[in-house]
Amino acid sequence: MSAHLLTRGIIHSTTDPYAQALLVRDGVIAWLGADDSADRVADPGDERRDLDGAVVVPVFVEPLARPADARDALSRGTAVVTVLAGPEDTGAAPADEDVQTVVYRHADRVDAEAAGVWLPVGTDTDPATLTGLLTASTQAGEQAYLVPDGGADAGPAAQDVALTALRSVAEELGTAALGRVRHRLVVTHPVTAEDRAFLAAAGVSATVVPDADGVLHAPVASLLADAVSVCLGAGPAGDPWAAVRSALSHPDPDERISARSAFAAATRTPLRALPDAPAAGLSVAPRLSVSAPAVFGVWDADAVAVQSPDGRVAAWSTDTRAGTPLLPALDAETALPRWRATWVDGRIAAEDVARDARDGATPA
């Protein structure tokens, strides 16, 4: 396989927050470091690419999608998509084979290749039926994904039905039984402290997404404070950076979180929330580090910064002496990052060719 040396960039790596360059060889990241050291580690025949100040970050992971939503994932810097297959879907593979999908089957179909089952929950859902399906999944060791009808715009009643079913299963099988399977729940509305404690004890992760207006209503800060894993989806707008910014500008100031926490919820946590099933095996790492698969996104950003540790404070700094990797600035006055390319398995899987032609830029 060919090797590529990418220089003059901003590499978002927790193992080397000062990295400006990276070397990709044989499909993995072979080296991270400073520009002035790059030529010492690269071979003469390695292809050179000038990032021209672009930001390189781990790919986004979409935790809540239907099959059609995966088709343009790469152009959103997303390379892993959790797909909810409908009863009529014979296959959930996206048009681009470079997009890695994790499929959850519908309760009305059998799919041995699925990673789990998703259960739609509405106000008219029969509680006994839902509890029976959830009990069966728990006993079979199959992860269940409780998804309210209407997505982020669903009413609080559907969320209450799902929580009641989870509690009923815990009463019958024990909280530890739920913890072994690690079910998933889409959260669209406030959750009581008692329910948050239950979700944490039962190992149930929460998926949150902005609504059609780009507003996030789920209590993300409270969930995280009570040790509930939170996965952040792009929502109807389909822009993962907009979703990250929505967590910083939550309408309830007490529920706002830092950019670093929101970015982790959109990239790292959705990978950890996947079940321990062969169908959920992925060739992607939650962070950029040496020996990790070379799967990442390249973005143009007007500014980069480190946000104040208190996510409720709109304070940003370009000082990296604390060892925190930089992210694109996501304050309301700065334009959202613009996608340039997505790398999968050490090569460019998709890129914004129009941008290169328009700006005369070097492809990344």
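If you filter the stretch 30-50 down to residues that are free of Cβ contacts under 8 Å to residues at least 24 places away in the same chain and assigned to a loop (DSSP other than H, G, I, E, B), you find that the one that is most open to solvent (accessible area, probe 1.4 Å) is 44.
Which is closer than 27 Å to residue 280 by Cα and in a loop (DSSP other than H, G, I, E, B), of 191, 228? Please lay out each step first, then the result.
Working: 191 fails: closer than 27 Å to residue 280 by Cα.
Exactly one residue qualifies, and that residue is 228.
Screening the candidates 53, 9, 27, 77 for the property of being at positive phi and buried (at least 21 other Cβ atoms within 10 Å of the Cβ) yields one hit, 77.
Please specify each residue of the stretch 213-232 satisfying the condition of being surrounded by fewer than 24 Cβ atoms within 10 Å (Cβ to Cβ), in contact (Cβ under 8 Å) with a residue 60 or more places away in the chain and of a type outside the set (A, V, I, L, M). The one that is surrounded by fewer than 24 Cβ atoms within 10 Å (Cβ to Cβ), in contact (Cβ under 8 Å) with a residue 60 or more places away in the chain and of a type outside the set (A, V, I, L, M): 217. With open to solvent by 20 Å² or more (accessible area, probe 1.4 Å) and under 15 Å from residue 65 (Cα atoms) as the only criterion, which of 117, 147, 110, 103 stands out? Answer to the selection: 103.
Annotation for the stretch 274-282: at least one member residue is modelled with pLDDT of 95 or more, part of a loop (DSSP other than H, G, I, E, B), touching a helix residue (DSSP H, G or I) at 6+ places or on another chain (Cβ under 7 Å) and closer than 30 Å to residue 140 by Cα.
Filtered by the rule that a residue be at pLDDT 95 or above and either in contact with a strand residue (DSSP E or B) (Cβ under 7 Å, 6 or more places away or on another chain) or part of a loop (DSSP other than H, G, I, E, B) (or both), the stretch 258-273 gives 262, 263, 265, 266, 267, 268, 269, 270, 271, 273.
Looking at 187, 181, can you tell me which residue is more than 22 Å from residue 124 (Cβ to Cβ) and open to solvent by less than 20 Å² (accessible area, probe 1.4 Å)? None of the other options fit; the residue is 181.
In the stretch 135-149, of all residues being under 25 Å from the mean Cα position of the chain (by Cα) and among the hydrophobic types (A, V, I, L, M, F, W, C), the one that is farthest from residue 207 (Cα to Cα) corresponds to 144.
Just so you know, in the stretch 293-308 the residues that are in a loop (DSSP other than H, G, I, E, B) and either hydroxyl-bearing (Ser, Thr, Tyr) or under 30 Å from residue 112 (Cβ atoms) (or both) include one that is least open to solvent (accessible area, probe 1.4 Å), and it is 295. The residue that is farthest from residue 141 (Cα to Cα), among those in the stretch 233-257 that are buried (at least 22 other Cβ atoms within 10 Å of the Cβ) and of a type in the set (Gly, Ala, Ser), is 246.
Comparison of 152, 165 shows that the only residue that is at pLDDT below 95, in contact with a strand residue (DSSP E or B) (Cβ under 9 Å, 6 or more places away or on another chain) and crowded, with 24+ Cβ neighbours inside 10 Å is 152.
The values are calculated or read from the model by the stated rules, or taken from the named source; none is laboratory data. No experiment lies behind these values; they were computed from the predicted model shown. With ideal geometry, Cβ positions are generated from the backbone for all residues, glycine too; neighbour counts draw on all protein chains shown. Note: areas computed on protein heavy atoms with side chains; ligands, DNA, RNA excluded. Shrake-Rupley method; radii C 1.70, N 1.55, O 1.52, S 1.80 Å.
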